[in-house]
Every structure is written in C-alpha cells, then in structure tokens.
Amino acid sequence: MRKIYKSHTTGGGYKSLTVLVSLLIAVLAITSCTQYIPVFIPGTGNDISDHSHQWDTGNVLIAETCVDDGVMLYTCLICGEEKTEAINAHGHNFENDICTYCNNSKTNIDASEARIGLKYYKTLKEAVEAAIALDPAERVIDITAETIKEYNAHGIEINGSITINANGADFGNRDLAIYTYNNLWKNPESGEINIVINDAENLYLWGQPDDQLPNDNDIINVTMNNCHNKGNGSLANAGRMLYFTGTKGTTNITISNCSVESTDSPFYTNNPGKLEFIDCTFTDIAVPLNFNMKTAGTKTITVDGCKFNNCGATVDESADISKYSAPIRVVATEEGAKPELILKNSEFYGTKGDNGDVLLAVDGTYYGVNAVLEGNKTDVEICNVYNPKTYITINAGMTGSVSSSDSI
Ligand SMILES: [Zn+2]
Ligand SMILES: [Zn+2]
C-alpha cells in the first residue's frame, strides 16, 4: 500500500481528513489490494499520495524586531505540512536620533550595557533592577556591551529567576551575588528558581544561599552554557565560576561547553543537588570540581566528556592547598551526606600532587563516597583512603566503581 501519511508539526485542518482518507483506503485495500488508488482531497482534485510540497506565502508566527529574529510559518497547500524559517532582525532605523521602530534614542542604545526586549539600560545593574519587577519568564537580559562596566563586588544581586544572554561580554572576573544580600533584590523568591547564563566571559556566580534563601526546600537551578573564565594562577581565587557556600536548600547545576583556566577552586557547593558538567575543559587549576558535602541528603555529580589539564597542586606550590587538591574532589564531612560521582568519557593529563585524579577522602573524619567510572579516555587514579594514601586505578575505556569507607 502506498504511503499516504504526511507529518504535521501542528494539527492542521487536513489532519483529520488524512486520517479519514487513509481509513477509506484501508477498507478498499482489503477488498482489492492490487489496484492503484489515488488519494484525493475532496473538493480539490489534488492527489496527495505523492507530491512536492507547494508552500503558501507564509504567516508571521513571531514578528522580527530591530534586534531579534522572528519566525515565519509556511504551510503546504496540498497536504497541510508546516515548516518554519527565521525572519532576520531588521535593525534600527534612526530619524533624528530616534529609532522609528522601537523609539529608543540612538544615544541611549549606543551607551547601553544591557537590554530587556527592546528596552535599553545603561548598566547591567539597571537592567537587573528593571527585571525584578517583571514576571520570571520575562526576565531575559541581553548584554549589548563587549565589557561590563565596573561595579562594586557583590553589587548586583540575583535573588530569583533570571536569564542573562551575555553574548560574549567580559565581566572582568566580577561576580553576581546569588541569594546573599537583599539591598537591590529586596524580596528573595522561594520555590524553584532558574538562573541561566549563556556566553559569558569571566563571570563569577558567588552565593551564600543560607543568608537569603527563604525555605529549606527551595531549589536553585543554575545553568551555564558556553562560559569561559581565566584567572591569575592555579592557587588564586580570581577566575572562579560558581562558588556557593552554605547548606540550605538544593542547588542543581548544569555546566555545558564551558572552560576555566588558572584559578584555585572554580566550582564549589556544600548542599544536596544534581550537578552536571558536560564537555567542559579545566586547565591549570588546584581543584576544579570541589565538593565537600556538609549536610545530609544526596548529591549526584556527573562529569561527562570533560578534560582536565595540569590540575592539582604539589606540596612545593602550597603545603596547605595540596592537602585537598585534585582535578575532582568529592567528600562528605557530615553524617547522612551521600554524594556520588559519575565520571565518564573524560580525560586527565599532567595531574599534580599525590591525591590522584579523583580524591574521595579528607585528612580527618569523613563519610563514604561512591564513584562510578565508565569509558574514560585516560586511566583515572582514585585516592579513596587518605591515611595512608591508597589508590585504585580504573584503566581507560573500562567500567568500574570505587568507594571510600567511613573514617570516623
Ligand atoms: Zn505537501
Ligand atoms: Zn530600533
């Protein structure tokens, strides 16, 4: 029987018709299966059993603006199939310094650091302040500057859901303070909070959720895509990317296609959560992924497709930092804390110090941690007993699991 279905991206008027027609064919096919049966759309005379799509002139689904692309929807005149195409942003059109489309002044646009929709703001801080008043879904800030103007440390607070499309802007290793103060963002939101950062350079998310997070069961989801940080050396704190202290709430983190170079401890959280690091690169860092779980609960840390170059620290570099440094450190120092590491498709080169590529124990009291390894690209050495130092190696490509035992 000939194929007569055509896919429809959204239910069109022809869909029920197609089903009806195909039912008819099915009935006819039972009585006479050798006969070719053309399929006509009633009233048109068009055979839809075999055709090249004939697209209509299109309908605007999302209108383009001065700066954002729109979407055009085309529908096949014969079968009703739909496809979409981008409509390019049309750009500003200035007459006497005012854009005839968006009414912004050229001066204001040129001096802007960020925008929300078509409204421009001179500084990122002003944009965040304006965003606070909006519904969470509308809080999308696009950075329009190449570099973020100077602002005081912890001067921009994020105490709720927000998306920042940095478009490659360089923050100069300045921070956004997450649930730490409430001078700017006065009423911290509770529930499930989504913080999304795309394409930022040298941006540091620093948080102490214990200070401002309203409830113990609040959840902060942080997503960072294509962000890149570079600091001043493997033992210095400049260049950190996400460093949260405190045990309140849950912090879920997804970090994709990011890179960090030359800093001490770019990722750190103490509380429960689901953490994912996908296709990231870490270079010249004392302890790139550093998770000491300090509260009861579960914490799953997935590291997939990551590359660790020259990470860790030797006693010569710093006797103190070398005690806990390793490319990945996952430990539990509170009873009932259950962290688990899932490490796959990753690679380790030039690891420094004597804590292995993965450190699952600390000097002193600690609780058991599980690590599951799967198909890594290099051998991975795991230190699972601190004193005396004991190691287990899972060879490249192999699957295995390693645990540290309680040391109390
Ligand atoms: Zn068609
Ligand atoms: Zn405009």
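Of note:
- Here the 3J(HN,Hα) profile of the stretch 261-271, calculated from phi with Karplus coefficients 6.51, -1.76 and 1.60 at θ = phi - 60°, is 9, 6, 8, 8, 8, x, 10, 8, 9, 10, 9 Hz, Gly and Pro shown as x.
- Among residues other than Met293 with Cβ under 9 Å from its Cβ, the summed charge is +2 (Lys and Arg +1, Asp and Glu -1).
- Between Ile253 and Val222, Lys274, Leu275, Glu276, the built amide H atoms are under 5 Å apart, and every one of these is 5 or more places off in sequence or on another chain.
- Cα long-axis angle, helix 13-31 against the chain (0 to 90 degrees, to the nearest 10): 70
- Derived scalar couplings between HN and Hα for the stretch 187-193 equal 10, x, 7, 10, x, 9, 10 Hz in order, rounded to whole Hz, by the Karplus curve 6.51 cos²θ - 1.76 cosθ + 1.60 (θ = phi - 60°), x for Gly and Pro.
- Ordered by solvent-accessible area of protein heavy atoms (1.4 Å probe), largest first, the residues Glu189, Glu138, Glu150 come out as Glu150, Glu138, Glu189.
- MRE, 222 nm, helices only [DSSP H, n ≥ 4, -39500 (n - 2.57), over the chain, to nearest 500]: -2500 deg cm²/dmol
- Fraction in percent of alpha-carbon pairs per bin - 10 Å, the chain: 5, 18, 22, 17, 15, 13, 8, 2, 0
- With a cut-off of 10 Å between beta carbons, the residues surrounding Tyr366 carry a summed charge of -3, where Lys and Arg count +1 and Asp and Glu -1.
- Each residue, Asp216 and Ser52, gets one label point 7 Å from its Cα in the Cβ direction; the gap between the two is 6.8 nm.
- Modelled this way, with points 7 Å down the Cα-to-C-beta line, the labels at Asn59 and Ile98 are 3.4 nm from one another.
- Under a 5 Å amide H cut-off, with hydrogens placed 1.01 Å from N, Asn167 pairs with Ile143 among residues at least 5 apart or on other chains.
- Of the accessible area of the chain, computed with a 1.4 Å probe over protein heavy atoms only, carbon and sulfur atoms account for 48 percent.
- Fully extending the segment from Thr314 to Val372, taken as 0.36 nm per residue of separation minus the present Cα-Cα distance, adds 18.3 nm.
- Using R0 = 51 Å, the C-beta based FRET efficiency linking Thr365 and Asn108 works out to 0.30.
- In this structure the chain gives 46 Å² per residue of accessible area when probed at 1.4 Å with all protein chains present.
The values are calculated or read from the model by the stated rules, or taken from the named source; none is laboratory data. Model, not experiment: these values are computed from the prediction. Ideal geometry is used to build each Cβ from the backbone, glycine not excepted, and the neighbour counts take in all protein chains shown. Keep in mind that these areas ignore ligands, DNA and RNA; they rest on the heavy atoms of the full protein, side chains included. Shrake-Rupley method; radii C 1.70, N 1.55, O 1.52, S 1.80 Å.
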